[in-house]
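Chemist: Take a look at the following structure, please.
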Amino acid sequence: MTELSVRALDGTTWPDFAALVEANNGVWGGCWCMAFHPEGLGRGELAGQNRSTKEARVREGSAHAALVYDGSECVGWCQSGPTDELPRIKRRRAYAAGLVALPDWRITCFFVGKGHRKQGVAAAALAGALDEIARLGGGTVESYPEDAEGRAVSGSFLHNATVSMFESQGFTVAASWASTTGS
């Protein structure tokens, strides 16, 4: 692995993102990182529909992600966006019950391609997403990682990484079901 670099997902980096997703069967059964957008996945959505919807969002500037590169190859990403761009979160009813104010930004999804896991790609993606959020005006950032300590779970099944990775970037646990907040 060469030194990792990070670039924002946009029209120029879309082909790199698409190549990684296609090489991994659409990621999680054809999601194309659409589950947290307002459209969600819906029942019976085809991977091709998710792909075209994601591409349209990227081209209109309503999909954000930090893409991680190993040389010229895109090997992973971290999806982020304003709350209206990513309104669909897990455990929403419990979340809304204690809600005082929405965060400015959410970090909802990570993916690292096979052969590149456990090499710092997710951490680079998180740092890149936070840099991009700051560049776009910053504010409160919320995410929903899992506490994997003491559990026999593969990191490849944690779509939003681990609590410890977020804590290493200065996030604090705000609720046991939601996990971390930073600014």
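Chemist: Which of Val141, Val6 has the fewest other C-beta atoms within 10 Å, and how do the rest follow up to the most? Please list the in-between numbers first.
Modeler: Details: Val141 23, Val6 20.
Least crowded to most crowded, the residues run Val6, Val141.
Chemist: Further question on the same structure: Say each of Thr83 and Gln49 gets a label point 7 Å from the Cα, pointing the same way as Cα to Cβ; how far apart are those two points in nm?
Modeler: 2.9
Chemist: Hey, another quick one. Run the numbers for Leu99 and Arg117: contour at 0.36 nm per residue of separation, minus the present Cα-Cα distance, in nm. Display every interim value, and only then the final one.
Modeler: Numbers: separation 18, 0.36 × 18 = 6.48 nm, distance 3.44 nm.
Here the answer is 3.0 nm.
Chemist: Straight-line reach from Lys90: which lysines fall under 22 Å, measuring Cα to Cα and dropping same-chain residues less than 8 apart?
Modeler: Partners found: Lys54.
Chemist: Which net charge results when you count Lys and Arg as +1 and Asp and Glu as -1 among the other residues whose beta-carbon is under 10 Å from that of Ala8? Before the final figure, lay out the partial values.
Modeler: Details: positive: Arg7, Arg135; negative: Asp10, Asp131, Glu132.
Combined, the nearby Lys, Arg, Asp and Glu give -1.
Chemist: Counting only residues 5 or more places away or on other chains, whose amide H sits under 5 Å from the amide H of Ala8 once H atoms are built in the peptide plane?
Modeler: Under 5 Å from the amide H of Ala8 lie the amide H atoms of Leu67, each far enough along the sequence or on another chain.
Chemist: Can you sort Tyr69, Tyr144 so the residue with the fewest Cβ neighbours within 10 Å comes first? Please list the in-between numbers first.
Modeler: Numbers: Tyr69 19, Tyr144 23.
In order of increasing Cβ crowding within 10 Å: Tyr69, Tyr144.
Chemist: By count of other Cβ within 10 Å, fewest leading, how are Trp32, Trp77, Trp14 ordered?
Modeler: On the way: Trp32 26, Trp77 30, Trp14 16.
With the fewest neighbours first, Trp32, Trp77, Trp14 line up as Trp14, Trp32, Trp77.
Chemist: Can you tell me the FRET efficiency between Glu3 and Thr172 if r is taken as the Cβ-Cβ distance and R0 is 25 Å, rounded to the nearest 0.05? Write out the running numbers ahead of the final one.
Modeler: Working: r = 30 Å, r/R0 = 1.20.
The pair Glu3/Thr172 has a calculated efficiency of 0.25.
Every number here is computed from the coordinates shown, using simple stated rules; none is lab data. Quick caveat, the model's predicted, so the values are computed rather than measured. Reconstructed Cβ throughout: ideal geometry from the backbone, glycine too, with neighbour counts over all protein chains shown.
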